[in-house]
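Down below is the structure, laid out as structure tokens.
Bear in mind these aren't lab numbers, they're just calculated from the coordinates by the rules spelled out. What you see is a predicted model; the values in this text were computed from it and never measured. Using ideal geometry, Cβ is built from the backbone for each residue, glycine included, and neighbour counts are taken over all protein chains shown.
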Amino acid sequence: MAITPRLEQRLGQSLVMTPQLQQAIKLLQLSNLELSAFVESELEANPLLERDDEAPVDTPERETDSDGDFEDAPALDDLSLGDPAGSEMVTAGDLDADLGGAFEDGSVTVGQFTASGEGGGYDGELPDLEETLAEKKTLRAHLEAQLAIAHLSPADSLIAAFLIDMVEDSGYLGAPLEEAAETLGTDIETIERVLAVLQTFEPTGVFARDLAECMALQLKERDRYDPVMQIFVENLQLVADRAFSKLGQLCGVDVEDITDMLQELRELDPKPGLSFAPDTAEPVIPDVLMVRHPKGGWMVELNAETLPRVLVNQHYHTQVHKTPMSREDRKYLADQLQSANWLVRALHQRATTILKVSSEIVRRQDAFFQKGVSHLKPMVLRDVADEIEMHESTVSRVTSNKYIVTPRGIFELKYFFSSSISATDGGDAHSAEAVRHRIKEMIDAESPKKILSDDKLVKLLVADGYDIARRTVAKYRESLKIGSSVERRKQKAPPT
């Protein structure tokens, strides 16, 4: 066939995201503070938008029965944001609830904002100098980054996140462990076990409960925490009192050795957390409230204090529309009305989505709220997304920077998610950390003459009730920094 230029027609379908739909998606991942900043910028830019600070917000809520199932929620169209004199409220019932069909022509842009929720300009000016400076990481962010690669079980990860919240700027724990154990519904031994893992994090000395423990952690890292040094550290009050003779008698060394040990302590950091930027002292304002229902089960509702209260001033629009104006002014007025209507609808859609996701999380993690952290179930984004018939990416955005207040404390919604491995008998799923632990046990117990291959590990795991693939076993083995069967065979081979 000759190669010549030609024209062809092809029929196909593609998903086109309008600017309004893109921004509606971005609204989902904003925290309540970032959302408030964005709404403030829209109130300043759009003359048809009004803030409603008087009328209370009638927030939708959902209830669970004794079996953990949610009863029917109030109709979503019943959400009212107020209707003061001279203004006509546009509710979700007046608008199309499907954001995907919003403004198909894509001709209107409703503001511009960055990931932080700040309003952006259209003048193309360069950012100010202070906006280009590198941000210094906080101690909390540094610890959370290490927690993400610590390979803890879902329950232990939740405990670890709770302990990170207890850490002060100095690096010390700000509350007794008994408080964490009581709040999370577990024993003190479990809390101490997780704390031992956290005390291996950098900087060395964090999560200490007092100065002596902070010093001990740093000395252990230097391999200098021998019995004599232990007695020295446990009697720091004698150092403060300058009772060196008595301290020497307790340690069984002379004054010269005491001077050398004191010099070693002076090289340590008594407050390791101060090397990081101070954490902003902002109280966490929950987006969702969860309380016990008098008839049993749970009641989940949105926090009205975090919901922006805006409305469309239709009365003002009608008055301005009647006055003579140019074509450009009329187009501007129509665009602002469309923009205002979109914002009201997007805020309602965001609130509804948060409520749906939160309610499903509470239903699935009912055992945790009832019995404690040891009953935390493995759960992934797909579990919630399939149940509420939404995409996983939507659930991911909703659970970021959103907090729920529960009888066991305030938690970020994402804390309740963890990977899992299905059971072969159709029973409850196993957490990924439990599978990693089982793989390590098998490899540690293998005979040097009978090294377990990945295929053999799969067979043994399936026999134990884990429904797992070979590539998953290989991934978990590599995450544990364990070599392949060939490498282990060479390592465990007897010397010749």
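Between the beta carbons of ARG51 and GLU192, assuming R0 = 60 Å, the FRET efficiency works out to 0.75 to the nearest 0.05. The label-point distance for ARG489 and GLU387, in a model that sets each label 7 Å from Cα toward Cβ, rounds to 4.7 nm. Counting neighbouring beta carbons within 10 Å and listing from fewest to most, the residues SER479, SER358 come out as SER479, SER358. Taking 7 Å steps out from each Cα toward its Cβ at LEU460 and THR138 produces label points 4.4 nm apart.
Structure note, pairs LYS456/LYS490; LYS137/LYS377; LYS440/LYS481; LYS26/LYS414; LYS356/LYS377: Cα-Cα distances above 21 angstrom occur for LYS137/LYS377.
Taking the Cβ of PHE368 as the centre, find all other residues whose Cβ is under 12 Å away and add up their charges (Lys, Arg: +1; Asp, Glu: -1). The partial results should precede the final answer.
Numbers: positive: ARG363, ARG364, LYS371, LYS377, ARG408; negative: ASP366.
It works out to a net charge of +4.
Going by neighbour counts of Cβ atoms within 10 Å, the residues HIS317, HIS375 line up, fewest first, as HIS375, HIS317. Going from the fewest other Cβ atoms within 10 Å to the most, the residues SER157, SER36 appear in the order SER36, SER157. The Cα atoms of the range 430-492 give a gyration tensor whose axes a ≥ b ≥ c have a/c of 1.5 or more with a/b greater than b/c, which makes the shape prolate.
Note on ALA445 and ILE231: the model spin-label points, each 7 Å out from Cα along the C-beta direction, lie 4.3 nm apart. Ranked by the mean number of other Cβ atoms within 10 Å of their residues, highest first, the peptides 186-199, 208-221 fall in the order 208-221, 186-199. Annotation: amide H of ASP464 has no partner in the under-5 Å range at sequence separation 5 or more or interchain, hydrogens built in the peptide plane. Among residues other than LEU147 with Cβ under 11 Å from its Cβ, the summed charge is -1 (Lys and Arg +1, Asp and Glu -1).
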